[in-house]
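Below: one structure, written as structure tokens.
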Amino acid sequence: MAYREDIENSLSGQLLVAMPGMQDPRFEKSVIFVCAHSADGAMGLIVNKPFDAISFPDLLEQLGVTECGDGNRIDIQSGGPVEASRGFVLHSPDYIREATLVVDEDVALTATIDILRAIADGFGPQRCMLALGYAGWGPGQLDTEILNNGWLNVDADADLVFGEDLDCKWTRAMDKIGIDPQMLSDEAGHA
């Protein structure tokens, strides 16, 4: 299969929803916000898997960031298995800096310590989630996984991306597609 390079086929700004038969346990019932998707590959953040090994205040302390205000307390999520010690903040576009990637009109991505300082000081974005690690795919790999029944995609919305009820996100994403997960086959097929 030839990889399509045009932007119309990009999944940037979409959600990937793991099929019920996902073989990789790291992605079982995952919902992933796709931050970038091009001929060079894809990158996204899991938005429904908590990272319980460290709290936001503890992370700030490790990074030497002092809270100066009524900083927001945010939960840390496991963004994916690649570079699990690297932090990424998905956020509303009311916080834009030079290093920010604006994914679409509702979501931006910043991976600098400055955004963590802003959040700690109460001057960060209105809505945000902090993820450690990310999910990554090489050129054409994500398209192949979709064709092999690994993922479904659905339009993202702020509640699915930033909502706090992580346990319900996968079911809510399936509902948004209009699919009953019990009716899905794990087998890829071709008509």
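The values are calculated or read from the model by the stated rules, or taken from the named source; none is laboratory data. Being a predicted model, the structure only gives us computed values, none of them experimental. Note that each Cβ is placed from the backbone with ideal geometry, even for glycine, and that neighbours are counted across all protein chains shown.
Here is a yes/no grid of residues against (1) over 23 Å from D157 (Cα atoms); (2) in contact with a strand residue (DSSP E or B) (Cβ under 9 Å, 6 or more places away or on another chain); (3) in contact (Cβ under 8 Å) with a residue 12 or more places away in the chain:
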position: V102; (1), (2), (3): no, yes, no
position: A131; (1), (2), (3): no, yes, yes
position: P139; (1), (2), (3): yes, yes, yes
position: D143; (1), (2), (3): no, yes, yes
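Given the structure, is F162 under 12 Å from the mean Cα position of the chain (by Cα) and closer than 14 Å to V31 by Cα?
Values: under 12 Å from the mean Cα position of the chain (by Cα): yes; closer than 14 Å to V31 by Cα: yes.
Yes.
Hey, can you tell me all the residues within segment 149-180 that are at positive phi and either touching a residue at least 40 places away in the same chain (Cβ under 8 Å) or among the aromatic types (F, W, Y) (or both)?
Start the filter on segment 149-180 by keeping residues that are at positive phi, which leaves 149, 178.
If the condition is that a residue be at positive phi and either touching a residue at least 40 places away in the same chain (Cβ under 8 Å) or among the aromatic types (F, W, Y) (or both), then N149 is the only one that fits.
Might you check whether a residue that is at positive phi and modelled with pLDDT under 95 occurs anywhere in segment 106-116?
Within segment 106-116 (the criterion being at positive phi and modelled with pLDDT under 95), the answer is no, since none of the residues qualifies.
How many residues does segment 132-149 hold that are in a loop (DSSP other than H, G, I, E, B) and either surrounded by fewer than 15 Cβ atoms within 10 Å (Cβ to Cβ) or touching a Phe, Trp or Tyr at 6+ places or on another chain (Cβ under 8 Å) (or both)? Before you say what the answer is, go through the steps one by one.
At the first step, the residues of segment 132-149 found to be in a loop (DSSP other than H, G, I, E, B) are 138-140, 148-149.
Checking the rest, the ones that are also either surrounded by fewer than 15 Cβ atoms within 10 Å (Cβ to Cβ) or touching a Phe, Trp or Tyr at 6+ places or on another chain (Cβ under 8 Å) (or both) come to 138-140, 148.
Total satisfying the criteria: 4.
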